[in-house]
Every structure is written in structure tokens, then in C-alpha cells.
1. Among the candidates A129, A116, single out the residue that is touching a Leu at 6+ places or on another chain (Cβ under 8 Å), among the aliphatic types (A, V, I, L, M), at pLDDT below 65 and surrounded by 19 or more Cβ atoms within 10 Å (Cβ to Cβ).
2. So I321 clears everything in (1) under 11 Å from the mean Cα position of the chain (by Cα); (2) modelled with pLDDT under 90; (3) surrounded by fewer than 22 Cβ atoms within 10 Å (Cβ to Cβ) except one condition, right? Which one?
3. Only one of E253, E235, E281 is over 25 Å from L331 (Cα atoms) and among the charged types (D, E, K, R). Can you tell me which?
4. Working only within the range 291-323, note down all residues that are β-branched (V, I, T) and over 13 Å from G275 (Cα atoms).
5. Name the pairs whose Cβ atoms lie under 7 Å apart, with the first residue in the range 248-272 and closer than 14 Å to A348 by Cβ and of a type in the set (K, R), the second part of a strand (DSSP E or B) and open to solvent by less than 60 Å² (accessible area, probe 1.4 Å), and 6 or more positions between them or separate chains?
6. Go through the range 368-401 and give me each residue that's crowded, with 21+ Cβ neighbours inside 10 Å and among the β-branched types (V, I, T).
7. Which of the residues belonging to the range 214-223 are open to solvent by 50 Å² or more (accessible area, probe 1.4 Å) and either of a type in the set (A, V, I, L, M, F, W, C) or touching a residue at least 24 places away in the same chain (Cβ under 8 Å) (or both)?
8. Against the condition free of Cβ contacts under 8 Å to residues at least 12 places away in the same chain and of a type in the set (D, E), how does E319 come out, does it pass?
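The values are calculated or read from the model by the stated rules, or taken from the named source; none is laboratory data. Bear in mind that the values here come from a model prediction, so they are computed numbers and not experimental data. Positions of Cβ are backbone-derived with ideal geometry, glycine not excepted, and every protein chain shown enters the neighbour counts. SASA here: full protein model, heavy atoms, side chains in, ligands and nucleic acids out. Shrake-Rupley method; radii C 1.70, N 1.55, O 1.52, S 1.80 Å.
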Amino acid sequence: MAETIHMPKLGFDMAEGTLVRWLKKEGEAVTKGEVLAEIETDKATVEVESSASGVVRKLLVDEGAVVPVNAPIAIVGAADEVISEQSSVVHEAPAAVSVPDRAPASVMETVAPPAAGHVKASPLAKRVARERGLDLSRIQGTGPGGRIVRRDIERVLSQESDSRIVPTPDHATMGLSDSRLSDSTVPLTKLRQAIARRMSEAKSSVPHFYVTHEYKMDFLLEVRRQLNSALPEEEKVSVNDFIVRAVALALREFPNLNASFAGDKVMRHGAVNIGVAVAVEGGLLTVVCKDADAKSLRQIAAEVKRMAAGAREGRVKPEDIEGSTFSISNLGMFDVENFAAIINPPEAAILAVGSARQVPVVEEGQVKVGWRMKATISVDHRVSDGAEAAQFMQALAKYLEEPVRLLV
């Protein structure tokens, strides 16, 4: 029996997605789980897998079409099966690309409807070109086989930025220098718009409170060093992998923080799905390590590494970015002492992690050098209170400061 494939809903606030590219044509065979199309959401370019095996009987939307969630996009069935046309609602792609009034003149002069479907380009390059109003047919690709990749887009944007700089008066004869540049207006990308909307809503509607704890990291860093010395490069574990597992195990003890606020009740989640914030071009994307409390450190490391790489390339699977129950934002690699993060609704809490640093510490009346790391939990006060958050941070210390617990 024929099955209709629908536009998936990725995240509770997703209303629509853009069908970027079909990877199967009408009449081609497809197996269940095989990638059928690429769609673009506010967050990323996502691969949509077929939910059935058979033949692609009909593609219901054009490439470039903006489609509401749950709307039909394709029909998969047997080759000789009679297909009903009643549910075949076709969404036409936009005929042209509009240019924001605030776009610089130098950009307006080069804008044309993107020909992404006829140009060899990576999904990330297509997405950035579409957001910035660039014509891919006028860009020389430097990737394999002339494929346009991210660096080619960045080169063109850099050239246009340089052309918009307004020369300042030459004050050399006056013994003065003026290095000021002209003002510029940068339109927000879809991702930046989504972040702005979500974070504004979260900060204004969720009553946050914060608890900071400092952790002894000497043993964990030594265990990590020894572990990585025995692992191949591609399997090495990061400090963040230890933190993900430690948080997951601590949440078993504090299910009220692995929860969501739902009006007149709190939904405590059975699964511990840890969202890990990944820095991508123009913003952040959260990838999700499912059932992190039931996975080994090496499993967590491999999964997070794979998903983070996909996020940075602009291509992820739907299951990689949905379903988080608690999030971690780690800025340790940027030499940050500590910070507080905004909760990612509908989650009840998020952990902000700073750098592990060598600092002077006092132990048994003696001043010595030790590794310390600060972390701050942001909690929805409608769900929990300060005492519970502080106890959770103490439980987290049990795992981070006795890292052997994370290896069993």
C-alpha cells in the first residue's frame, strides 16, 4: 500500500521548512531509512529519510518550496499501484528572490534568483548563498569537480565587504590618523532570527535562577590523558564527553531537573537526552545525545563528534537535533572562567561550563597549584528551587571529581 511522506516537525516551534533538494527522482527505488530529500529549517539543513520501501511514485513539492510541517511531500508505493491524487497538494517554489531594501547597492546589482538546483554546491554553500542573496552560477567552485563549498561563499562575501568600505579623509598631512569604517547593516540569517525569537521568549517568560559550583578537575584530566593515550586519534574523548556522562548520571538522581514545565504540571522525562550546544556559522545548534545515562563514555564521544561535525557542515539528521531533556553549553575551549546560559524551552534547566584552569588552591593549609572548573546551572524556578539545584551540583561533583565512576 502506498505511503505518503510528510514534512517532519523538528522541534516544538517549527512551523515550516524549505525543501532544498530531492535525492530521489520519480520512478526510482527507495528503501526504508534511505535519504529521500534535504530540507532546511531555522536551525539547519536536515536529511529526510523515507519511512517506507518501494518506488517514488510522486514528488508533491518542488525544490525551493516552503512547506508547512506535516504537509505531504512525496508518495512511495509499488511500481504498479494505483495512486490517489486527493492528497497530492503541490507547493510551487517561489518564482523569484526578493532583496531586502536595506541590502547594499553592490549586492543588489549582483542578485539573481538562485540556480542552486543546477549548480554543483554543498548544502551549506547553497543555504548561505540563498540567505545572502548570492547567485551560485556566478561563483567559481574550488571543491571536488568544481563543487562550490563554504570557502567559496566566504571569499565572495569578503570581496563584497571590502568593496563597501567608504574611504575616510586622509589626515596624514595634519599629523592625524582616522581608521574609522563606515556603518553597515547585516540582515539576520534564519538561524539568528530563530535564536533571537526563542531566547527572547525564554528569558522573558521563564523565571531563571542560577547556582555556580567549582569542581576539582585534577583526577579527571589525568584519567582523560591516560585514556586518550591508548585510543586512536578519531576515538579520543574530550572533557565535554566526561561532563555529558556525568550530567546524565546525576540527572538519574534528580529527575525533577530532567523535566519540562507544562502549565499546571511538570513533565518528568523517562529518557535522559542531553543536548550539546555546537557553535556553527551565525549561531548555535543543539545536537542531542539520546539516553546518555545508558551509554559509555566512548559511545558518547563518538556520537557527539559525529553530530557536531554534521552540524558544522550544515547537514544533520532529524533525530540528531530533537528530543533533548537537558542541555549543556560549554565555552571552556574559549578560555571562559564562567557564565550563565539561557534555558532552552521547554527544558527546565541548562548547564553552562567554563574552562578548566590551573589556579592556586589551599589544601590542608598548604597553597598549591590545582585544576579547577566552574559551572553554572540555570533553572526554571517554576519547576525547582535553589536547594535542589545546589544538591544536583554537589552530585555532579561526585562524578567529575571521582571520574572512575564514569568508566563503569
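1. A116
2. Among (1) under 11 Å from the mean Cα position of the chain (by Cα); (2) modelled with pLDDT under 90; (3) surrounded by fewer than 22 Cβ atoms within 10 Å (Cβ to Cβ), the lone unmet condition for I321 is (3).
3. When all the criteria are applied, what remains is E253.
4. Result: V316, single match.
5. R268/A259
6. I377, V379, V383 - these are the residues of the range 368-401 that are crowded, with 21+ Cβ neighbours inside 10 Å and among the β-branched types (V, I, T).
7. E214, K216, D218, F219
8. Criteria not met by E319.
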